[in-house]
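> Here you go, one structure.
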Amino acid sequence: MTSLEYIFHPRSIALVGASDNAFNPATIMFLEPLKKFGYTGDIFPVNPNASTVSGLTAYPTVRDIPGPVDHVICAIPASSTRQLLEDCIAKGVKVFHMYTSGFSEIGVHDMGRLQDELVQIARKGGIRIIGPNCMGLYYPKLGISFCPTFPEESGSVGLIAQSGSYSLLVTIGAASRGVRFSKVVSYGNASDINECDLLEYLADDPETDIIAGYIEGTSDGHRLKKVLAEAAGKKPVILVKKGGTAAGTRGASSHTGALAGDDKVWDALIRQSGAIRVPDLEQMIDLLVTFQFMPLPQGKDAVVIGIGGGPSVRAADDCERGGLKLPPIPEDMVAELRRYAPTAGSMLRNPVDVGKMHIDWDPVIKTFTDWGQTDMFIWQIAPDIEPFEENSFIRQFCIDQRARFLQEFIKSGKPLAVAVHTAESRFALSILDITRNECVKHKVPFYTSVYSAARAISQFIDWNRRHSGLP
């Protein structure tokens, strides 16, 4: 393990700037989650104007805390951080997480210089800095979190994000589809601990099987090229790189003070390393879901099954644009399927529109399971075309049928993806949430469109072929 392992195992955490104010960010995002997630170390609020915070004894300064303090979360104005850092050095603190913003990212020379001075002071004092301008650590195994709604269970995805918002959006979005995280680090301005340190660490972290990252820029392109290639040679690495356009470069500079660089250079660097570059968080989440839950199909031949003629035609286009193939069904199989699906209102080609939910789907699925050209199933659902009302018999029937269909697909033993067409009505969204939760329960990958499913699965197959030495 690298020297960063200790930052995830503090014996105690001090929260400087926490208060009982209902809108206090240090309390809402850091202190309360530590209590909720069951962090077993000591928690020390630091506030010179309070004797208690959230039921815990508060101290005027870090120096006043009895016993050791390993990790300090700084949520006070930038102008007060130098004295706090000096207090941390005197106390023997190991990690200084700066939630505080207002440094190099604002483009003011004096504040950029202050950030540099803090790094110099920290290095002399033996302290590592996370940030400034970041959310810090989420390590559910130890009960450390910066969001009270994150899952409390650990997983195998490691995420690094220069953006605090991205760390929240990816973690929450992926978690809603069943993905769980080993460690998440929001590192902001990267004044000390940076993307190279974190990629190098996660590459050898036994708790992490998949690495995801959001990067706006780097200060050491040569080192990044080296560590990224090493990490991608060991595990899947999925990256979002933003700040490639002229406007994006300006945005990156004002967001984290990052040196964004030429987008073509970044594209070549990521591609040559063996990592996967994706344009945004939605595609990153799709790939995390795929790598986490999709069994590797033997090929790219898919059978799409669902209800709705128009959605089925669209699904055919979406699958092929996404990189999958839809082999045509032989006439003898079509004749066999006619025994189970009605002639009127169905489309027995590929995609397959069976016309009605209340037929026996078991022999339909079995027929395709036995077909040599079925590498995977994509089950498309379109709840907005179903005629149900809230708490109606038909609504419950649809819920029950979906649960049964899911079991039939799972029993087939073929890789399965569940994809949804547009769901806009309140009733459709409620049905959709139930189906998504069933997929999470059974570890079935769930996607927000057929195209996103096809694209992610195709990339997943391509990655495995490359890393197996196959064409």
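Please treat every number below as a calculation from the coordinates, not as lab data. These numbers come from a predicted model, not from an experiment. Neighbour counts run over all protein chains shown; Cβ positions are idealised from the backbone, glycine included.
> So what are the ³J(HN,Hα) numbers for region 55-60, from phi and the Karplus equation (6.51, -1.76, 1.60; θ = phi - 60°), rounded to whole Hz, Gly and Pro as x?
The phi angles translate into x, 10, 5, 9, 10, x Hz.
> List the chymotrypsin sites (Phe, Trp or Tyr not before Pro) in region 21-63 that DSSP assigns to loop (not H, G, I, E or B) and whose Cβ has at most 10 other Cβ atoms within 10 Å. Which are they? Show your work: numbers first, answer last.
Values: sites: Phe23, Phe30, Phe37, Tyr39; in loops: Phe23, Phe37, Tyr39.
Taking region 21-63 and a limit of 10 other Cβ atoms within 10 Å, the loop chymotrypsin sites (Phe, Trp or Tyr not before Pro) found are Phe23.
> Relative contact order of the chain: what whole-number percent is it, with Cα pairs under 8 angstrom and at least 6 residues apart? It would help to have the intermediate numbers written out before the result.
Values: 950 pairs, mean separation 50.5, N = 471.
The normalised contact order for the chain reaches 11 percent.
> Under 23 Å between alpha carbons: how many lysine pairs meet that in region 51-196, if sequence neighbours fewer than 8 apart on the same chain are excluded? Please report the intermediate quantities before stating the final value.
Numbers: Lys91/Lys124; Lys94/Lys124; Lys94/Lys141; Lys94/Lys183; Lys141/Lys183.
Close lysine pairs under the 23 Å cut-off: 5.
> Going by amide H atoms built from the backbone, whose H comes under 5 Å of the H on Ile238, apart from near neighbours?
Answer set, sorted by chain and number: Ile211, Ala212, Gly213, Ile276.
> Order by neighbour count: Asp462, Asp209, fewest other Cβ atoms within 10 Å first, most last. Present the calculation step by step, with values, prior to reporting the outcome.
On the way: Asp462 14, Asp209 17.
Ranking Asp462, Asp209 by Cβ neighbours within 10 Å, fewest first, gives Asp462, Asp209.
> Quick check for me: using +1 on Lys/Arg Cβ and -1 on Asp/Glu Cβ, what's the dipole size of the chain about its Cα centre, in debye to the nearest 20?
On the way: 47 positive and 53 negative charges, 108 e Å.
Once rounded to the nearest 20, the dipole reads 520 debye.
> Now for a separate question. For semi-axes √(5λ) of the Cα gyration tensor in Å, the listed values are [x] 41, 32, 18; [y] 48, 25, 18; [z] 70, 38, 18; which was obtained by calculation from the structure presented?
The value matching this structure is [y].
> How large is ³J(HN,Hα) for each residue in region 36-53, as worked out from phi by the Karplus curve 6.51 cos²θ - 1.76 cosθ + 1.60 (θ = phi - 60°), to whole Hz, x for Gly and Pro?
Each residue's phi maps through the Karplus curve to give 5, 7, x, 4, 8, x, 7, 10, 10, x, 10, 7, x, 10, 9, 8, 9, 9 Hz.
> Report the one residue of Pro295, Ser167, Val440 whose Cα lies farthest in the direction of the positive end of the charge dipole of the chain (charges on C-beta: Lys and Arg +1, Asp and Glu -1; origin at the Cα centre).
Farthest towards the positive pole: Pro295.
> Okay, next question. Which GluC sites (Glu not before Pro) does region 385-471 hold that lie in a coil by DSSP with at most 13 other beta carbons within 10 Å?
Details: sites: Glu389, Glu390, Glu408, Glu424, Glu438; in loops: Glu389, Glu390, Glu424.
Sparse-neighbourhood loop GluC sites (Glu not before Pro): Glu389, Glu390, Glu424.
> Out of residues 5 or more away from Gln373 or on other chains, whose amide H comes under 5 Å of its own, with H placed 1.01 Å from N in the peptide plane?
none
> Relative to the Cα centre, what is the charge dipole magnitude of region 378-450, using +1 at the beta carbon of each Lys and Arg, -1 at the beta carbon of each Asp and Glu, and rounding to the nearest 20 debye?
About 420 debye.
> Express the Stokes-Einstein translational diffusion coefficient of region 2-83 in µm² s⁻¹, to the nearest whole number, given a Kirkwood radius over alpha-carbon pairs, 25 °C and a viscosity of 0.890 mPa s. Display every interim value, and only then the final one.
Working: Rh = 13.1 Å.
For the chosen part, D equals 188 µm²/s.
> Any idea what the relative contact order of region 1-156 is, in percent, if you count C-alpha pairs under 8 Å spaced at least 6 apart?
Working: 294 pairs, mean separation 37.8, N = 156.
With pairs under 8 Å counted, the relative contact order is 24 percent.
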